[in-house]
Amino acid sequence: MSLARLSRTLLEGGKINSNRESPTGSVTATEYLPGIGHGVFPESRNSERMNRSSDRSEEARAGALHAYGILDTPAEEVFDGLAMLATQVCATPMALLGFIDRGRVWIKAKVGLDVVELPRGGFCARAMEQDGPLIIADAAMEPDLASDPFLNGQVKARFCAAVPLRDRQGYTIGLLTVFDRVPRRLRQDQAQGLQALGHQAMALLDARCELSKRARVAHAPGDPKPASHSSRGTLPDARFRKAFDASPELMVISALSDGRYIEVNETFLRVTGYRREEVIGRTASEVNFLVDPWERSQIRQLLRQRGAAHNMEARFRLKSGEERVGLLSATTIHLGYERYVLYVVNDITERERAEEEQKRADARMQRAQKLESLGILAGGIGHDFNNILMGILGNASLALEQLPDDAPARYHIREIEKSALRAADLTAQMLAYAGEGETAREPVNLSKLAEEMGGLLHSAVSKKATLRCTYAANLPVVLADPAQMRQVLMNLVTNASEALGDDEGAIRVSTGILQADRVYLAHAYPDPELPAGTYVYLEVSDTGVGMDAQTRARIFEPFYSTKGPGRGLGLAACLGIVRGHGGGILVDSRPGHGTTIRLLLPCAKEQPPVETSVRPSTLQAAAPTVAPRPSAAQREVSGKIADTWRGSGTVLVVDDEDVVRAVARMMLEFVGYTVLVASDGVDAVEVFRQHADEISVVLLDMSMPRMNGEQTFDAIRAIRPDARVILSSGYQERETIERFSGKGLAAFLPKPYQFQALLRKIREVTQC
C-alpha cells in the first residue's frame, strides 16, 4: 500500500489490509483516569502472538534486529512518512519510529523531535510486552515512569502511545510511538490507526530487506556494471582527479542513466561519515543524501531542461542522521563515452545556524527590552500612584479618627478606604511586575505551601472543574516570599478556571524538581539566559481552550487579556514576582489542547534537614477555606488611637510630594506631635541642623530631587549619629534595608500607609 493511499484510508476511517497479520476482533482502549492506572489494549488472540515464547533471550532478539541491517542507516522518505502519518492520525505533535538495540532505542524516523537515539527504560520494556498499543494518558501519574529515561530525557512526554514492531518470528525489534507534553486520551479509531501504521512499518521493513538482498545478488562480483562504477580509474584525467579530491566542497559523480554513485571526493567522505564502499555503486535514493524529495525533483527537472542547476539551497543528510544545509550546483559532464552528473555542495550549515542564532538573539533582546521598558513604566507609575494613595488613605483614616462612631459619613469614608486599598493592591502588583515590590524572603517548600492552600485553590475553580494536585515529596526549598508565591499560585489557578469557562474540565497543580539545560531554558520568560542547573517547579495545567501563538506572545503584557478590558495585571505580576526571585516561566499552549504554565525557581544553596514527605493528593470535594494572608497594602483598620495614646516631641517629615507631607503632618499633629517639614533632602539637612536637639524622629522619603533618601540619611547622621530615621518608600523593602545595612536605620514604613500604621511605627521607634 502506498503512503498516499495509507494516509487517505486512515483519514477516512477505513480498514487497512497489509501483508502482515493484524489482531482479530475489535480493538478497544481503556480510558485513562489519572491516579487510577494506565490503559492498555486487551491481549490479541492471534495465534502467532500466542505462540511467541516468553523466554526468548535478549541476544536472540537483538540478532533478529541486526539481520535487517536497519540500524544507523540514513533516513528514508517512506519511514519518515509513516511517522508523519502517526502524528496526523493521533493528533500529536511528536512521533518516532525506533528500533530497540541492546542498550538503546535508535531512531529511524521522527517528527517534532531532534534525537538520534534514546536510552531504554521501563516504558520501553512495558511496550515490548504488549500485543497491542500501550497507552499512557499521563506519565506523571505512573510512579514507575517518573524517572524513565525514554520519556523524561529529551522527549519530556506526559502522554505516549506505542505500538510494538514484531518480525515474522514474533521478536519485538522496534516501536512506533506518538507523544504529547500534556496529558490526553486516545480514541479507539486513533489507536487502531496507530496499530495499522505499525504493521505497515514492518511490511516496509521486510520489503526493504528483500530488495537489498536482490540488489546484492544482482551486483555480485563478476557483474561488469558495478565494477566499472566502483573503480577509482573512472576519472581519466589526473589533474581532474587531484582537483576533485582537494576541493573543500562535497563532490559527487553519479551516472545520468540510473543515478548510481560512481565517485565521491574526500571532503564528501569526511563530512558525511560514510566509507567509500558504502556509497559507490548505490543509487541516489539508496544513499538518501538529499532530504527533501521536492528538492531532488527540482534538480532533476533543471538538469533535463538546462543541463545544470546553480546554487540551490538544499538540505542533505549525514550518515549519523544529522541534517545540514548546503548550496548545491549540478551539471552534466562526459567521462569517456558516457554522460554523468557532477554535484557540488557548499556546506553553509554553520552560517545558517549563526544567522538563526542572531535572529533568536535579536528576538530575545527585543522581548527583554520590551519587558524592561514595561517594568520601568509600571514601577514609575506605581511609585507615583502610591503617593496619590497616601492622600486618600491618610485623609480617610484621619477622618475616621475624628468622626463620632454614629456619624453617617463613616460608612462612605470606609468605602473610600476600601477602594483605595484595592488600588494599593493593584499598585503592589505593578511594583511586583517591575521587580520592586515588597518582599520578605525565607526558605519555602512549594509542595507544603501549595498543599496548605488546598481549600483556597478549590474555592477558586468553577463547580464543573476537577482540581487534581500532585506534590513532590522531600522537595528542596527555595528562597521566596511566601505571600507572593501564594499570589502567583492563586492567579494561575484562577486563570486556568477561567480558561475552562462553563465547560467541564480538569485543572492540575503539581510540583517537582528538574535539571534544566540551556536548550530547555531558552524558551523561558522573561530571561532565556537563565543558568543551567537544578530548579524547583510549580506547574498549573488545564484542559481549556488553549492559546494561539499571537496570544501566547502577549500574555505577560500588563493589562492584556482576552476576556475584555480592565482585568488587571494577572500573569504580568506573576512574571515580575518570578523574575524578582531569579526564576523563569515556561508556557505550553495550543488551541484546543489546553495550557500548561510551569514556574521555575532556583533551589536554595543551603537546604534544611529533610522534612516529612508531602504525599500526593487529589481534591475532589470542597475543603475548609483557609484565610489568605493580607497583602502589604491591606493595613488593618483598628479603633481610635487618639483615645488611648498621645505622642510628644518633634517629628521631621521629609517628602517631595505636597500631599504626603500634608497628610503626615495632620496625622502626627492630631495625636500631639510637633511637626517640621522639608520638601527635599537639601532642605531637610538644613532644618535638622537648626533643630537637631528637638527632633525625636525623621520620617524620610527615599526618592527625592537634589538629594535622595540615602544621601540625606548620611548627612543627618553626620550631624547627630544617634538620630532616629524611619525610611518611607513604595519600593522594595528588602533591597532598601540592604542598602542601609549597618548604618543604623531605625525602621522602614512602606507606602501607602494609614494613620494607624504611621503612629504604630513612630511609637515603636521612640519607645525603644
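All of the numbers you see were taken from the coordinates with simple rules; none came from a lab. Everything numeric in this text was worked out from a predicted model, so none of it was measured. Cβ: placed from backbone, ideal geometry, glycine included. Neighbour counts: every protein chain shown.
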**Message:** Check which residues have an amide H placed less than 5 Å from Val477's amide H, if you skip close sequence neighbours.
**Reply:** Ala604
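Going by how many other Cβ atoms sit within 10 Å of their own, how do Ser397, Ser648 line up, fewest first? Show your work: numbers first, answer last.
On the way: Ser397 25, Ser648 10.
Ascending number of Cβ neighbours within 10 Å: Ser648, Ser397.
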**Asked** Karplus couplings for the range 197-203 from phi (6.51 cos²θ - 1.76 cosθ + 1.60, θ = phi - 60°), rounded to Hz, Gly and Pro as x?
**Response** 5, x, 4, 5, 4, 5, 4
**Request:** Apply the Karplus parameterisation 6.51 cos²θ - 1.76 cosθ + 1.60, with θ equal to phi minus 60°, to every residue of the range 57-66 and state each ³J(HN,Hα) to the nearest whole Hz, in sequence, with x for glycine and proline.
**Result:** 6, 4, 5, 5, 5, 4, x, 4, 5, 5
**Message:** So if I restrict to the alpha-carbon atoms in the range 456-520, what is the Rg, and what is Dmax, the biggest pairwise distance, in Å?
**Reply:** 14.1, 40
**Item:** For Tyr753, residues with placed amide H under 5 Å, excluding near neighbours
**Value:** none
**Message:** Rg and Dmax in Å for the range 442-619, alpha carbons only: what are they?
**Reply:** 15.6, 47
**Prompt:** Under a point-charge model restricted to the Cβ atoms of Lys and Arg (+1) and Asp and Glu (-1), what is the dipole moment magnitude of the range 442-619 relative to its Cα centre, in debye to the nearest 20?
**Reply:** 180
**Prompt:** Tell me, what HN-Hα J-couplings in whole Hz come from the Karplus equation 6.51 cos²θ - 1.76 cosθ + 1.60 at θ = phi - 60° for each residue of the range 296-313, using x for Gly and Pro?
**Reply:** 4, 5, 4, 5, 4, 5, 5, 5, 5, 7, 10, x, 6, 9, 10, 6, 8, 6
**Asked** How big is the equivalent ellipsoid of the range 650-766 along its three axes, where each semi-axis is √(5λ) from the Cα gyration tensor, reported in whole Å from largest to smallest?
**Response** 18, 17, 14
